[in-house]
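To start, I am sharing the structure in question, which I have written as structure tokens.
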């Protein structure tokens, strides 16, 4: 065979293979909404995958000031602006955590805000939950801190929370929030500055007090602190900006994207032990899993009640939930 025919045959074979590959590929294109769409080709098995696309997202600029708990915090120093900028970047590009916090906020904040107000704690202190637990009522740290407000076992007990094998009130939204209010008010009585109070939630009241005395400064923002506590304060400030204006961070959600809050259908008061919580749940038309979801402080299949104590078990409104999703 002549060399020219060999080359021509090679080109034809190469083109044929390329055509077959093109026709049988699992073609994927990205729509404007950021959804990866796989087009069916031949008998190929195609997997359709939803992705998140946030193109051309710019980090919000550092503002001149922020009003936090009625105090004006100005960013007119180099160190203040750089520390703030770092956390603005972190919130903007920590996609999954930031998105989930936004979604949870509409379920958690309505339960916490009235408790803060009733206990004389500024509403802005709710953003501590974003830093502590990513606004997740079931959060638990590697060190053993639990709940929205991340109480350690001993500290929780110190502030009146029951922590046993069957009951852990660090997961009781109402009780843990009241305990957090007690801590925050105790700290404010010591420091008289809510941002310093926020720092003490991470660094401890005594720890921040020592630093203030050693460095002869009154505000935690003016102290040289370990990196975790130093960042903690600015993360709370950015959290306030983030929840108040998520679109400036590149997050655009519809109302239906948020997790709704449904008040309980009723509250059952219990003062005696319950040997079988699954059977207890069935009496109210619930599964054990549904009972636990509404009462994450129940930590076992039974409830060992303390003598003389009354427990409040929430019964979720399943009908309201169904109606909500039917009408989305």
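Could you work out the percent of alpha carbon pairs in segment 266-326 separated by over 18 Å, rounded to a whole number?
Within segment 266-326, distances greater than 18 Å cover 33 percent of Cα pairs.
Under a no-solvent Debye model with one identical scatterer per Cα of segment 131-190, what's log10 I(q)/I(0) at q = 0.16 Å⁻¹?
Rounded to two decimals, the profile gives -0.44.
Rounded, prolate or oblate: which fits segment 145-243, taking a ≥ b ≥ c as square roots of the Cα gyration tensor eigenvalues, rounded meaning a/c under 1.5, else prolate when a/b beats b/c?
Since a/c reaches 1.5 and a/b is larger than b/c, the shape of segment 145-243 is classed as prolate.
Then there is this: What is the distance in Å between the Cα centroid of segment 93-139 and that of segment 163-209?
The two parts, judged by their Cα centres, are 15 Å apart.
Place the peptides 200-207, 251-258, 125-132 in order of packing, highest mean first, counting for every residue the other Cβ atoms within 10 Å and averaging per peptide.
The peptides rank, most packed first, as 125-132, 200-207, 251-258.
Classify segment 65-257 as rounded, prolate or oblate, taking a ≥ b ≥ c as the square roots of the eigenvalues of its Cα gyration tensor: rounded when a/c is under 1.5, otherwise prolate if a/b is larger than b/c and oblate if not. Spell out each step's value before the answer.
Values: a/c = 1.66, a/b = 1.05, b/c = 1.58.
In terms of gyration-tensor shape, oblate.
Fully extended, how many nm does the chain gain between residue 95 and residue 58 (0.36 nm per residue separation, minus their Cα-Cα distance)?
12.0 nm
Counting alpha carbon pairs within less than 8 Å and at least 6 residues apart, what relative contact order, in whole percent, applies to segment 266-326?
50
Now a separate question. Let me understand segment 191-249 better: what is its radius of gyration from the alpha carbons, and its Dmax, in angstrom?
Spelled out, the Cα radius of gyration and Dmax of segment 191-249 are 12.6, 42 Å.
Laboratory data are not the source of any read-out in this text; all were calculated from the coordinates shown. Just so we're clear, the structure is a prediction, and the values are computed from it rather than from any experiment. Counting neighbours? That spans all protein chains shown, and the Cβs are built from the backbone with ideal geometry, glycine included.
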